[in-house]
Amino acid sequence: MSLKITFLGTGTSQGIPIIGSTHPVCLSSNIKDKRLRVSVLLEWGNNTFVIDCGPDFRQQMLRANVIQLDGVIFTHEHADHTAGLDDIRPFCFRQGAMPFYAHKRVLGELRTRFNYIFTTENKYPGSPVVEALEIENKPFVLADKTIIPVDGLHNGLQVFGFRIDNFAYLTDMKTIKQEELEKLKDLDVLVINALRETFSPSHFTLDEALEVISFLKPKKAYLTHISHQLGFHDDVQQKLPKNVYLAYDMLQINLK
Ligand SMILES: [Zn+2]
Ligand SMILES: [Zn+2]
């Protein structure tokens with residue numbers, strides 16, 4: 001069954017432009033240089049899921065005209081991936097409890113940060129209602145598709161990437177073990193984080209992402225979780241190898 005991917009956001013944690021920044025990329029008038037915090041929408045059949053729920057979630061749902069959401073899959077607990085959680089309320093009001101798929105540690109972090117959502121005592125009316133579903137590094141089924149988690153490290157923090165059919169989405173990774181890379185063979189599309197050209201302790205640089213891409217050889221690769229320090233979209237795109245693209249907000253990919 002076909003899979004439609006919409007890049008809801010492709011920026012690193014501060015987004016682009018950064019508040020108050022006079023960096024040329026932050027001042028760019030090119031729409032492709034404006035990046036909300038990282039997230040993707042996945043649609044197949046009548047199913048709609050989102051990977052991560054960062055601080056731009058509300059704006060992203062409005063911009064992509066999402067009227068139904070069947071669940072949120074979390075890569076990890078950092079604020080740029082989770083801070084928009086309160087804004088699932090319109091979906092809860094219409095649909096009921098929102099399924100959350102996340103590592104046990106991430107669910108624990110969310111329980112601490114969003115205690116009012118997870119509490120069962122004296123819960124304030126109108127708060128989001130969630131169904132917390134723990135995932136491990138084992139395939140699980142969403143609607144009629146098998147999702148294969150891919151374990152990586154983000155500095156020292158465990159993060160999940162996900163493979164669905166011949167599509168895979170990796171963000172906030174710095175290292176991936178060989179056995180996890182084995183799960184990413186024969187992809188049509190690989191999305192992978194590439195922060196900037198200079199070293200980062202927690203994210204792939206452009207060269208590191210390109211190394212993973214040349215090892216895995218997907219048919220096409222798209223770079224995401226991009227810092228303003230990487231440069232202007234159009235300049236960076238010209239320097240990339242064949243079949244490697246900088247993702248940009250609202251880019252859509254349809255896979256058969
Ligand atoms: Zn991030
Ligand atoms: Zn992170």
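Structure data summary
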read-out: HN-Hα J in Hz across the stretch 34-40 - Karplus 6.51, -1.76, 1.60, θ = phi - 60°, x for Gly and Pro; value: 9, 10, 6, 5, 5, 5, 10
read-out: C-alpha long axis of helix 104-113 to longest principal axis of the chain, angle in °; value: 70 degrees
read-out: Estimated vicinal HN-Hα couplings, Hz - the stretch 231-244 in sequence order (Karplus 6.51, -1.76, 1.60; Gly, Pro = x); value: x, 5, 3, 5, 5, 5, 4, 5, 8, 7, x, 4, 6, 10
read-out: Proximal lysines to residue 256, defined as alpha-carbon separation beneath 27 angstrom and excluding residues fewer than eight positions away on the same chain; value: 4, 32, 138, 145, 183, 185, 217, 219, 220, 242
read-out: Neighbourhood net charge (11 Å Cβ-Cβ; Lys/Arg +1, Asp/Glu -1) for residue 194; value: -3
read-out: Long-range HN-HN contacts of residue 40 with modeled amide H, under 5 Å; value: 8, 51
read-out: Cα point-scatterer Debye curve for the chain, base-10 log of I(q)/I(0) at q = 0.08 Å⁻¹; value: -0.29
read-out: Per-peptide average of other Cβ atoms within 10 Å, ordering 20-26, 126-132, 193-199 highest first; value: 193-199, 126-132, 20-26
read-out: Residues whose placed amide H lies under 5 Å from that of residue 172, excluding near-sequence neighbours; value: 193
read-out: Cα-based shape type of the stretch 193-256, given that a ≥ b ≥ c are square roots of the gyration tensor eigenvalues and the cut on a/c is 1.5; value: oblate
read-out: In degrees, nearest ten, helix 206-216 long axis to first principal axis of the chain (Cα); value: 80 degrees
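Since every read-out is calculated from the coordinates, none of them should be taken as a lab result. Note that the structure is a prediction, hence the values are computed from the model and not measured. Using ideal geometry, Cβ is built from the backbone for each residue, glycine included, and neighbour counts are taken over all protein chains shown.
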